[in-house]
């Protein structure tokens, strides 16, 4: 990926509390799509990879896990899926909830083992070092990536993140659960913040229908969604009636 695109991704991570010392995005990023974009450019920046692991190790519960799983399956090219899986796996090793791995579990492995980072791929010596020092978590995806301790001094505290990204408060209160994914899907991935059926919503969340129904029951009681019977059909539309950023 071009340096311009890497810099854009870095600026978005800076917006949510990662020290990079450069530009900072003005708008709060869509976190799940930011993770997909990150997976597509980390081969060009080991610093970005390890800073992202560090952030997720502390703040993985901001991530709407089921939505990330679906977007990974439908929107992340196969060749970049191992990078996302390695990133999530190392974040879990260093403290993130194991529930993040539902997105890693749908990723494909690299066909032949190799280094993740471009600089190592271009050097036989560096490639050999990467192979010798590769972590078990990355090896599972046929990637040679060294494990590193989280760089916590490069991550801002939670109150700083929420003060500057107020949309994320609703995420962390729900701890990235299925309710969180449903709200984010309705907000960002559906026309008019409406989905035509419970089945369609389950597909968009990569979750089973029963679990989605229970989550919808909670969200309806909380006043965030409305179920609307479609005349002449058995379908029940689900419509977002309060912002996904509102508190539960």
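FYI, it's all coordinate maths here, none of it is from the lab. Given the structure is predicted, the values throughout are model-derived calculations rather than measurements. Neighbour counts are summed over all protein chains in view; Cβ atoms, including those assigned to glycine, are modelled from backbone coordinates with ideal geometry.
What is the helix-to-structure angle for 65-75, meaning the angle in degrees between its Cα long axis and the longest Cα principal axis of the chain, kept from 0 to 90 and rounded to the nearest 10? Tilt of helix 65-75: around 70 degrees. Mean separation of Cα pairs under 8 Å and 6 or more residues apart, divided by the residue count, gives the stretch 3-158 a relative contact order of 25 percent.
Ellipticity at 222 nm from helices only: DSSP H runs of n ≥ 4 in the chain, each -39500 (n - 2.57), divided by the residue count, give -14500 deg cm²/dmol.
Taking label positions 7 Å along the Cα-Cβ direction at both residue 139 and residue 175, the computed distance is 3.3 nm, reported to one decimal. The fraction of Cα-Cα pairs per 10 angstrom bin, counted from 0 for the stretch 177-240, comes to 24, 62, 14, 0 percent, rounded to whole percents. Is the stretch 76-153 best put as rounded, prolate or oblate by its Cα gyration tensor, with a ≥ b ≥ c the root eigenvalues, rounded for a/c under 1.5, and otherwise prolate when a/b is larger than b/c, oblate when not? Since a/c reaches 1.5 but b/c is at least a/b, the shape of the stretch 76-153 is classed as oblate. With a Förster radius of 30 Å applied to the beta-carbon distance between residue 210 and residue 108, the computed FRET efficiency rounds to 0.60. For the chain, set up a GNM with springs between Cα atoms under 10 Å and report which of 12, 121, 40 has the largest fluctuation. Judging by the Gaussian network model, the answer is 121. Comparing 77, 115, 150 in a Gaussian network model of the chain (Cα springs below 10 Å), the most mobile by mean-square fluctuation is 77. The long axis of helix 81-93 is offset from the longest Cα principal axis of the chain by roughly 90 degrees. Between the alpha-carbon centers of the stretch 41-95 and the stretch 148-172, tell me the distance in whole angstrom. The distance from the Cα centre of the stretch 41-95 to that of the stretch 148-172 comes to 16 Å. Result for the chain in a Gaussian network model with C-alpha springs under 10 Å: among 45, 89, 23, the largest mean-square fluctuation is at 23. Computed from Cα positions, the angle between helix 46-59 and the longest principal axis of the chain comes to roughly 40 degrees. From least to most packed, judged by other beta carbons within 10 angstrom and beginning with the fewest, 10, 102 follow the order 102, 10. Rounded, prolate or oblate: pick one for the chain, where a ≥ b ≥ c are the square roots of the eigenvalues of its C-alpha gyration tensor, a/c under 1.5 means rounded, and failing that, prolate if a/b is larger than b/c, else oblate. It is prolate, given that a/c is not under 1.5 and a/b is the larger ratio.
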